[in-house]
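Here the structure comes first, spelled out in C-alpha cells, and everything after it is commentary.
The values are calculated or read from the model by the stated rules, or taken from the named source; none is laboratory data. As the structure is a computational prediction, the values presented were derived from the model and not from experiment. When we count neighbours, we look across all protein chains shown, and the Cβ atoms used for this are built from the backbone with ideal geometry, even at glycine.
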Amino acid sequence: MRKLAIGTVLTGALALAGIAAPAASAATPNLVFSDVTVNKGKAIAVGTTKTVNVPVTYTLTRPADLVIDNKKTFAAVMLYRGTLKSLGNELDPMVMPTCTTTATTDTTVTESCTETLPVDPSIDLYEAADATTWKAGGLYAHLDSTVSDDFLSTESNVAIWGNLTTAKVQRAAKLTADASPEPVAKGKTITVKGKLTRADWDSQSYKGYSGQKAVLQFRAADSKTYTNVKGITSGTGGALSTTVKASKSGYYRYVFAGTTTTAAATATGDYIKVK
C-alpha cells in the first residue's frame, strides 16, 4: 500500500506509514461528512502527462471542542478504489481544505468546505483497473510526536468514513480526422481517415482503441452545425476509414461518444474544398 499523502501534510518530516493498524492516541471524534460532490458531478478524464485538479465540495459537522488546525489534526475528503479494508488505490488532497463556518450549536460546528484533489497520471494512476468508479471517504487524522536528537516518538489516529458518494475516473481519449483528396470535384469520392486512441497509464502513452463505434459528421462551409453522415467501427490500432461522395465544401470530423472506462472525444474538423 502506498503512503497516505496526508502524512507529509501532518508531520512535515514524518509521514504516516499508512492506514493499516495505526497506534491510537485518542478516541476518534464524531465527524459527519455530507453533501459531498466530486468534480461537479462529472466524470474525471485523465490523460498521460497533465495533472488534473479535481474540485471537491462538502459539508463537515464536527464537535464544537474539536480543533482542526491542519498541523496535528486534519480532516478532508479522499477518493479510493476498492474497499476501506483493502484499498486498491487512493487519491488524497495535497493542499489544506478551505472551510467556512455556516452554523453552530452548543455541541457542534458545521462548515462548508472546498478542496482540490490533484490527479497526476504518472504517480497516482498506474493500471487499467483505475478507470472505474471510485468512492469518496471522509478522512480524519491526528498525530502527536516528540522529536529531538536523542528521542523520537509518534502516536497517530486515523479514521475514514466511506461510501459518501462516487466519482468515475476515465481514460482520456484522442481522435483525429483527415479527409482527402483536396480539392475534389463534386460527386467524386472522398476518403476520411482518422485514429482513436486512449490513455494507457501503465506505459504513459496513448494507444489505439479498436472495436469502438464512432460517427462521421459533416458541416458545410456556410453552416455552424455538424450533422451525422454515417457510423463506423475503429479497426486495428484504432484506425478509422470510410468514404463519402463530395457534395459541397465543408468540414469532416469523427465523434466518439465514450465508454464506461474512456472519455468521449471529438476530432478537429478537416476542411475539404469541393469544385
Subset tally (residues that are in a strand (DSSP E or B) and surrounded by 13 or more Cβ atoms within 10 Å (Cβ to Cβ)) for the range 231-241: 4
Lone unmet requirement of (1) small (G, A, S); (2) in the same structural domain as K42 (by TED's automatic domain parsing); (3) without any contact (Cβ under 8 Å) to a residue 40 or more places away in the chain for S234: (2)
Test: residue in the range 240-251 that is at pLDDT 95 or above and under 30 Å from L87 (Cβ atoms): no
Sole exception among (1) without any contact (Cβ under 8 Å) to a residue 60 or more places away in the chain; (2) within 17 Å of the chain's Cα centre (by Cα) for T146, by number: (2)
Residue among A172, A159, A141, A179 that alone is modelled with pLDDT of 95 or more, within 29 Å of the chain's Cα centre (by Cα) and not acidic (D, E): A172
For D69: the one exception among (1) modelled with pLDDT of 95 or more; (2) within 27 Å of S153 (Cβ to Cβ): (1)
From T197, T146, T114, T191, residue being at pLDDT 95 or above, in a strand (DSSP E or B) and out of contact with any Phe, Trp or Tyr (no Cβ under 9 Å at 6 or more places or on another chain): T191
Residue, nearest to S180 (Cα to Cα), within the range 200-226, restricted to residues that are assigned to a loop (DSSP other than H, G, I, E, B) and hydrophobic (A, V, I, L, M, F, W, C): A221
